[in-house]
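Before any comments, here is the structure.
The values are calculated or read from the model by the stated rules, or taken from the named source; none is laboratory data. Values in this document were obtained by computation on a predicted structure and should not be read as measured data. Cβ: placed from backbone, ideal geometry, glycine included. Neighbour counts: every protein chain shown. Ligands, DNA and RNA are excluded from the accessible area calculation, which covers all protein heavy atoms including side chains. Shrake-Rupley method; radii C 1.70, N 1.55, O 1.52, S 1.80 Å.
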Amino acid sequence: MAATLTPPAPAASAGPRTAPRPSPGGWRSRWPLLPLIATVLLPALPYGVFGGGGGPAVGPADIASGIAVLVCVGRLLYLRQRPLGAAAALVLGLPAVGFAVATVTAADPAAALPGLVRYLQVFVLVPVAVFLLLKDALGFRIVAGSLVVLAVVQGVTGVHQYVTGTGASYMGEEIRAVGTFGPSDIMGMATVVAYGLLAAAACALRPPGSAPAWLRPCAAVVAVALIVPLTLSFSRGVWIATAVAVLAALALTGRRQALTSLAVLGAAGVVLVGGLGIGSEMIAERAASVTQVTRAPDRSVSDRYAMWSAAGSMWREQPATGVGLKGFADHRDAHASIGLSSGSDTAGAGQEFRRQALLSPHNMYLLILCEQGLIGLTAVLGSWAAILVGAVRRLAQARSRGHAALDCGLAAVALMTWQSVNFLYADIGGPTTVLSGVVLGLAAWWALGEPDRDRVSTA
């Protein structure tokens, strides 16, 4: 009896698999991301529309973030899923302990309640909502892409302000790029431009495997172009935080690519600042003022150090629990030196001269320490450190295992690094505050999410 020969099955391809493109039904299933996208984009609305500066504390981005939280709660109730794993629940919920203790132990707990709501929104509820609403790497990229869109819009506006002399007042000239945030939120444009620059740089360094060929060069061009409005913001703390975050991302991509990228960035800096002369003299003076602490510092630097000293004095008075949320402004005058000015001058970008009170130390860690004490600072730092360390650790693992979402990992690490460093020179306040919660959520999703999500074969 003759044997029947059957041809062998074709061998599977040994090359890396690309992530499948989502079907139309898959795109429709991503509607829960809409409130997150709105939360990212709505801060771009002109500050005057919603009373920027002295206007209401709750802006359109805050409302959108509230809707995102409600959508998240509704989906959990409808799908009846366990919301968070044990590790994620501990890390993301830990800051709430410090917030609650600082509120209960405050001299006036009722006055601290608005601070409790704000802190819970930014550092607990919004990160948890982002963590739960992101289903996969594509969702991460959509939200990160929204940060890039916001950065481009604000960056173009800021460069236009510098060129036409319609920006905020700086050294007697209305040239400071502030975007649509106005001079009363001088850090707003710089913050969102830095977010977008880092997200675009991550995509350029490690583009998704299924991305079209044009995405990588376009992302690189956008990242380099955003250096211009970032520079013209004259925000020293943002410069430092962005430089540290970029170096951290480059260090995690490998030595060869890091050296190549640094060479490109150096050449771009020489062309933009040196060759074209974009604010070179003022930029040099602004950068030099960072180190002028003991010898003739400018007023903003001396005021900042005076407020840092006041925050430290408040903490020494109540080391365990602090003076209570929203307590810095009430206790400032009793602890500040006579060298602290009554406020900072703001003008330009369509706003008349205004004296803006100094109501925070412009250092998030000192603000937490003086208002929440060691209990609050330990809880917050423990949470943020766990997210950052977890993000770096998972990125290292993903590189060795051929993960398909390395761009997400690089963006998460860069954004979390930036936030951690920038909080040395800034604190929460203004319409971009809620974006800090979005960044924490993105980093937490990468650090604490499912470890095998979106992996590709490297066999």
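Of note:
Residue-by-condition table, conditions (1) of a type outside the set (S, T, N, Q); (2) over 18 Å from Val413 (Cβ atoms); (3) open to solvent by 30 Å² or more (accessible area, probe 1.4 Å):
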{"residue": "Ala194", "(1), (2), (3)": "yes, no, no"}
{"residue": "Pro229", "(1), (2), (3)": "yes, yes, no"}
{"residue": "Ser233", "(1), (2), (3)": "no, yes, no"}
{"residue": "Ile240", "(1), (2), (3)": "yes, no, yes"}
{"residue": "Leu247", "(1), (2), (3)": "yes, no, yes"}
{"residue": "Thr253", "(1), (2), (3)": "no, no, no"}
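- Considering segment 394-406, the residues that are touching a helix residue (DSSP H, G or I) at 6+ places or on another chain (Cβ under 8 Å) and in a helix (DSSP H, G or I) include one that is most open to solvent (accessible area, probe 1.4 Å), namely Arg399.
- Candidates Leu134, Leu125, Leu147, filtered to the one that is of a type in the set (A, V, I, L, M, F, W, C) and surrounded by fewer than 24 Cβ atoms within 10 Å (Cβ to Cβ): Leu125
- From the list Arg216, Arg255, Arg236, the lone residue that is modelled with pLDDT under 85 and not hydrophobic (A, V, I, L, M, F, W, C) is Arg255.
- Looking at segment 267-340, the helices (runs of 4 or more DSSP H) lying wholly inside it that each contain 2 or more residues that are within 30 Å of Gly158 (Cβ to Cβ) and at pLDDT 65 or above sit at 299-317, 328-335.
- Qualifying residue in segment 100-122 (condition: among the hydroxyl-bearing types (Ser, Thr, Tyr), open to solvent by 40 Å² or more (accessible area, probe 1.4 Å) and either touching a helix residue (DSSP H, G or I) at 6+ places or on another chain (Cβ under 8 Å) or at pLDDT 90 or above (or both)): yes
- Hey, Ala219 within 15 Å of the chain's Cα centre (by Cα), assigned to a helix (DSSP H, G or I) and among the small types (Gly, Ala, Ser) or not: no
- If you go through segment 114-161 and pick out every residue that is under 22 Å from Leu448 (Cβ atoms), in a helix (DSSP H, G or I) and among the aliphatic types (A, V, I, L, M), you end up with 16.
- For beta carbons closer than 9 Å, sequence separation of 6+ or different chains, a first residue in segment 58-76 that is over 13 Å from Thr39 (Cα atoms) and a second that is open to solvent by 20 Å² or more (accessible area, probe 1.4 Å) and not in a helix (DSSP H, G or I), the qualifying pairs are Cys72/Pro83; Val73/Pro83; Arg75/Gln81; Leu76/Arg82; Leu76/Pro83.
- Only residues that are outside any helix (DSSP H, G or I) and buried (at least 24 other Cβ atoms within 10 Å of the Cβ) were counted in segment 162-181, giving 5.
- Looking across Leu448, Leu415, Leu388, one residue alone is closer than 14 Å to Ala249 by Cα and either open to solvent by 10 Å² or more (accessible area, probe 1.4 Å) or modelled with pLDDT under 95 (or both). It is Leu388.
- Flag if Gln154 is out of contact with any strand residue (DSSP E or B) (no Cβ under 9 Å at 6 or more places or on another chain) and touching a residue at least 24 places away in the same chain (Cβ under 8 Å): yes
- Single residue of segment 96-113 satisfying the filter (among the β-branched types (Val, Ile, Thr) and in a helix (DSSP H, G or I)) that is nearest to Pro35 (Cα to Cα): Val97
A quick yes/no check of all residues on (1) in contact with a strand residue (DSSP E or B) (Cβ under 8 Å, 6 or more places away or on another chain); (2) farther than 19 Å from Ala241 by Cα; (3) in contact (Cβ under 8 Å) with a residue 60 or more places away in the chain; (4) not in a helix (DSSP H, G or I):
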{"residue": "Cys408", "(1), (2), (3), (4)": "no, yes, yes, no"}
{"residue": "Val413", "(1), (2), (3), (4)": "no, no, yes, no"}
{"residue": "Ala426", "(1), (2), (3), (4)": "no, no, yes, yes"}
{"residue": "Val434", "(1), (2), (3), (4)": "no, no, yes, no"}
{"residue": "Trp446", "(1), (2), (3), (4)": "no, yes, yes, no"}
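- For Ser210, the conditions (1) hydroxyl-bearing (Ser, Thr, Tyr); (2) open to solvent by 20 Å² or more (accessible area, probe 1.4 Å); (3) at pLDDT 90 or above are fulfilled apart from (3).
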